[in-house]
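Below: one structure, written as structure tokens.
The values are calculated or read from the model by the stated rules, or taken from the named source; none is laboratory data. Source: prediction; values computed, not measured. When we count neighbours, we look across all protein chains shown, and the Cβ atoms used for this are built from the backbone with ideal geometry, even at glycine. Side chains are part of the model used for accessible areas, which takes the heavy atoms of the whole protein and leaves out ligands, DNA and RNA. Shrake-Rupley method; radii C 1.70, N 1.55, O 1.52, S 1.80 Å.
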Amino acid sequence: MREADIVIIGGGPAGMAAAIEASKNGNKNIVLLERDRTLGGILQQCVHNGFGLHLFGEELTGPEYAERFIRQINELDIDVKLDTMVFDISKDKVVTAVNSEDGLIKLKARSIVLSTGCRERTRGALNIPGTRPAGIYTAGTAQRFVNMEGYMPGRKVVILGSGDIGLIMARRMTLEGAEVKMVCELMPYSGGLKRNIVQCLDDYNIPLKLSHTVVEIHGRERLEGVTVAKADEQGRPVDGTYEYVECDTLLLSVGLIPENELIGALPIEMDGTTSGPVVDESAQTSCEGIFACGNSVYVHDLVDYVTLEGYKAGKCAAEYVASLSSGSNAGSDVPVAGVGAKGTTAAEPKDMIRIKSGHGIRSVVPQQVHRECREDVRLFFRVGGIYHNAAFAVDSGDKTLHSVKRRIVTPGEMESIILTADMISKIKGDTVILSMPAGQEKGGEVNE
Amino acid sequence: MTYDVAVIGAGVVGALTARELSKYELRICILEKGADVASGSSKANSAIVHAGYDPLPGTLKARFNVKGNEMFERLSQELEVPFKRIGSLVLAFNEADMEVLQKLYERGAENGVPGLEILRGYEDTARIEPNVSTDVAGALYAPSAAITCPYELTYAAVENAAANRAEIMLETEVAGISYEDDLFKITTSQGDISSRFIVNAAGVFSDNAAAMIGDNSFEIKPRKGEYLLLDKSQGDMARTIVFQTPSTTSKGILVTPTVDGNLLMGPTSTDTSDREDLSTAISELQKVINGALRSVPGINLKQVITSFTGLRATPDTSDFIVSPSPVNKKFIHAAGIESPGLTAAPAIAEYVAGLLKDAGLELVQRKDFNPVRKSIVRFNDASDGKKAELIGGNRQYGRVICRCELVTEAEIVEAIRRPAGARTVDAVKRRTRAGMGRCQGGFCAPRIVEILSRELGVPAESIRKTDGSSMLLTGRTKEAL
Ligand SMILES: Cc1cc2nc3c(=O)[nH]c(=O)nc-3n(C[C@H](O)[C@H](O)[C@H](O)COP(=O)(O)OP(=O)(O)OC[C@H]3O[C@@H](n4cnc5c(N)ncnc54)[C@H](O)[C@@H]3O)c2cc1C
Ligand SMILES: Cc1cc2nc3c(=O)[nH]c(=O)nc-3n(C[C@H](O)[C@H](O)[C@H](O)COP(=O)(O)OP(=O)(O)OC[C@H]3O[C@@H](n4cnc5c(N)ncnc54)[C@H](O)[C@@H]3O)c2cc1C
């Protein structure tokens, strides 16, 4: 069986960054496995501008952004296997994959980076009563058809859900000559970025119907129309608000969910809210030597942060492997807990500080940091509603470590707050809580 | 071209009948209006091979049900179709129900159902079905009840019939029939066909087919049944098929695992005048949920993947119609085959062959009849060694198309190339499971369209989801023009 120091699963921006940084940190036995025909992940189907503003100071298209990393991967001569689907990871880190050239591939890894991205949610949305005609797609499938295959999935479109892919496809389909009738969003706020609502809907006069949902599907062979209704606070349709909308296409953009089927039987702790693994500040999961980054940990809005997280995972994986070789039992595959450079080794729970979501906060990542962490850690979080002039605090016991204010926060937009090394060193207990102090009023629509 | 027998309808009844007839030296054709076989009741039902305590003694239903159940064992082996004898329970919730169970028990005994047993109290029932409601007063246990895959059985039967030289014609709708010089002239959407005998296995349309020769002896009153299908995570919420005691108003909602490991619950029962109405309604699905939770309260409804509807071909005669038409003895009905028609189908097929013989068709055994059909090898189910071997023999096994169910290009290509093979995305899905997983085709749909287009040699824009004009794409993008 072939052995590899670092096996990276998924060649999107997260996996590419991990490969590059692991290589730059001196590891030369890296294998990057990608099931698609090209590297780049979801970026390859995003032909719009808007990638890389933070990292490169310019707005690139998805493929342009990907190209910069693909070039580096080639320059660093990293072993990349395309069209290669990983379908199993065993407890002793044997990665099993297939492709048509090598057949069945088994790789014994010393460290693994999970960067498998996310997939679109369909469950629930596909439960809409009515018929089952052609013409119902997830927004991402439609995006693939239009941007990668050059086909139009329809002409008259209703979009259910206001996730970013749905918003971007509203514009894309319009530019391709389709008529986008409306975007219906069950919640009283959009799940997408404000910038996308302005640039993809408002600029094209496409109505965004908040608190609206599709209650019935019509048409036998091809979709002929949908019934749309206003939804009450519990999401139930309100009598008397039913409206028939003629359309041949329904795009679902009802959210993304981290793709983590591979974790399966591994003893990796999962976060029920993000649907991704619990990670620490070094991107390590609760399973020693297994790192995770990008959309497989939680759904990101901006690729720049995905890349930064990938760098971190790659660097820490390389350090972890180095620590295995330089440890007292050099050459052995059995690592000694606690030995490792810069806290990259999975620690005993008591060495970890748990970061919990308190009032108003839906999720926070990383979910834990090492007590001896000597670097600043950026906590990414999402809120549970729309708030104006919101205050956030990180509390340890009855002490507030840090607090910040934001003019407006929405669930569609990822927020972050930095815990400095100094703050971390002051934490006494084994948990800190990120919350919005009680008494803050949820706001209505974001109209500014 | 003159056939000895033309079978109208490639549902499970027509398919197994054609397969039965292919044992003999006959020229057989199956005429199916859908773009795929199993496009009627046979694609959407409870998939249960009933034990046979339900039908009234002396009816064709009772006779073919018990016989069919017996035949399934061998049939499923010959045709390599999933079949699991997991047994069934009819739950009683009170003493009145227990009395009904007693009657069912006696009826079952009279019908010749083996192994029936009445369980008394919750404990005994829970020993067989641990997740059952504590409100249960007892149950009728039928160990011979089983589950299968109805469309896989239909595909298998058609493939095996084709391997034994029957011809299958898809998208061939029978529009009219005349009878002259001892021959039926059948007008179809693809031209005329003549045949000496006809088997009417047209499901919900079997009365229409009968009317084409002036036979108005029965009428089909279709009834809808709606279902919810749940993720595999819920598959072991039921180990057996869990029915409820039928009342005068309702047959109850059943909960059962499927052969693929999902959980299925339903069906409701509502009359419809529309023979193509496969829509679902919130109110009906709510009945499914209420009923299912009454039997198995722990089901996690968040795990619902999809809902669907099946149409029962309920005849106004109350029993299956398996007999020569009163208008023409060479026109044999296998009509009004509602539940337990899937179970009964193998027995009906054998009986229909007998009726044809009685009507003058000479049945000469074919010496080279091959009863065996192999299923498409599932890459996902293969061992590592077998996987490597598969890819070694065919590189397309190394290309995973459906990531959720781990379906490879080789399997999809085979599904398309087999006799009466897949032409539509749904046909690929039912044959290979591609698109049936977590993402419900989100990722693989574009690639399946591409493979279908390549294999069938037609433009991608003409690839359909199911029948008629269910095209997935409406044209090229501007740049591509
Ligand atoms: C429609 C859309 C628009 C966006 N717009 C913007 C924008 O304008 N600006 C911006 O900054 N960000 C944007 N983003 C966000 C950003 O692009 C994503 O967050 C980022 O691409 C995620 O990177 P990733 O590497 O984690 O995942 P992905 O890009 O999804 O990559 C994961 C890779 O893993 C592979 N993989 C998964 N499982 C396996 C397996 N079992 N075996 C082998 N390979 C596997 C996949 O094929 C894929 O290539 C957008 C995202 C979407 C979806
Ligand atoms: C909700 C429900 C649940 C059920 N559950 C069970 C169960 O658990 N166990 C069980 O044993 N049975 C069950 N059944 C019954 C079983 O599904 C049917 O008895 C069986 O599928 C009938 O098969 P068929 O071949 O007669 O009809 P179909 O499968 O309906 O086939 C008829 C075919 O004829 C074709 N056709 C019609 N008209 C024409 C024409 N003019 N020209 C060409 N082709 C034509 C149709 O397209 C169709 O493909 C259930 C039925 C339903 C609806």
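Applied to the range A:423-436, the Karplus parametrisation 6.51 cos²θ - 1.76 cosθ + 1.60 on θ = phi - 60° returns per-residue 3J(HN,Hα) values of 4, 4, 5, 8, 6, 8, x, 9, 9, 10, 10, 9, 8, 9 Hz, with x for Gly and Pro. Within the range A:288-308, name every residue whose backbone N is under 14 Å away from a label modeled 7 Å from Cα of A:Lys91 along the Cβ vector. Flagged as within label range: A:288. Counting only cysteine Cβ atoms and a cutoff under 4.7 Å, chain B contains unmatched residues B:Cys29, B:Cys149, B:Cys404, B:Cys439.
Computed from the C-beta positions of A:Lys428 and A:Lys405 and an R0 of 35 Å, the FRET efficiency is 0.85 to the nearest 0.05. Chains B and A together bury roughly 4400 Å² of accessible area, counting both sides, with a 1.4 Å probe on protein heavy atoms only. Of the DSSP H helices in chain B, those that are both long (alpha-carbon extent of 15 Å or more along the helix axis) and hydrophobic (Kyte-Doolittle mean at least 0.5) are B:341-358. Note on B:461-471: average number of Cβ atoms from other chains within 10 Å of each residue's Cβ is 4. Shown for the range A:361-435: the carbon plus sulfur share of the solvent-accessible area, taken with all protein chains present and a 1.4 angstrom probe, equals 48%.
Within the range B:333-351, whose backbone N sits under 19 Å from a point 7 Å along Cα→Cβ of B:Ser318? Label zone hits: B:335-341. Using a Gaussian network model of chain A in which every pair of alpha carbons under 10 angstrom is joined by a spring, one finds that among A:Thr227, A:Thr249, A:Thr274 the greatest mean-square fluctuation is at A:Thr227.
Taking only protein heavy atoms and a 1.4 Å probe, the accessible area of the range A:141-230 is 50% carbon and sulfur. For GluC sites (Glu not before Pro), the sites in the range B:301-364 that DSSP calls loop and that have at most 14 other Cβ atoms within 10 Å are B:Glu362. Can you list the residues in the range A:192-234 whose accessible area drops by at least 40 Å² when all protein chains are present, compared with the chain alone? Use a 1.4 Å probe, heavy atoms only. By number: A:Arg220, A:Glu221, A:Arg222.
Show me the ranking of peptides B:125-134, B:165-174 by mean Cβ neighbours inside 10 Å, starting with the highest.
Peptide ranking by packing, descending: B:165-174, B:125-134.
When the Gaussian network model of chain A links Cα atoms closer than 10 Å, the mean-square fluctuations of A:Pro277, A:Pro153, A:Pro267 top out at A:Pro267. Site pair B:Leu293 and A:Glu261 shows an inter-label distance of 3.0 nm when each label is modelled 7 Å from Cα along Cα→Cβ. Per residue of peptide B:439-449, the mean number of Cβ atoms on other chains within 10 Å of the residue Cβ is 6.
When you filter the trypsin sites (Lys or Arg not before Pro) in the range B:355-464 for DSSP loop state and at most 15 other Cβ atoms inside 10 Å of their Cβ, you are left with B:Arg366, B:Lys367, B:Lys374, B:Arg378. Phi angles across the range B:301-307 convert, under the Karplus curve 6.51 cos²θ - 1.76 cosθ + 1.60 with θ = phi - 60°, into 3J(HN,Hα) values of 6, 5, 8, 5, 9, 7, 10 Hz, Gly and Pro given as x. With the whole protein complex present, A:Lys81 retains an accessible surface near 40 Å², based on a 1.4 Å probe.
Counting Cβ atoms of other protein chains within 10 Å of each Cβ in B:378-388 and taking the mean gives 2. Accessible surface computed residue by residue for the range A:122-254, with neighbouring protein chains in place and a 1.4 Å probe, gives 36 Å² per residue.
Express in nm, to one decimal, how much length is gained between A:Glu3 and A:Met270 on full extension, taking 0.36 nm for each residue of separation and deducting their alpha carbon distance.
Working it through step by step, the gained length comes to 93.4 nm.
Residue pairs exceeding 29 angstrom between C-alpha atoms, taken from B:Lys84/B:Lys251; B:Lys67/B:Lys224; A:Lys181/B:Lys478; B:Lys84/B:Lys221: B:Lys84/B:Lys221. Once the 1.4 Å probe is applied to the protein heavy atoms, the range B:279-338 comes out at 38 Å² accessible per residue. A simple spin-label model places pseudo-atoms 7 Å from Cα toward Cβ; at B:Leu183 and A:Asp232 they are separated by 6.8 nm. Measuring between alpha carbons in the structure, the pairs from A:Lys24/A:Lys356; A:Lys81/B:Lys465; B:Lys367/B:Lys465; A:Lys315/A:Lys350 lying more than 29 angstrom apart are A:Lys24/A:Lys356; A:Lys81/B:Lys465; B:Lys367/B:Lys465. Note on A:Lys356/A:Glu243: beta-carbon distance plugged into 1/(1 + (r/R0)^6) with R0 of 45 Å gives a FRET efficiency of 0.55.
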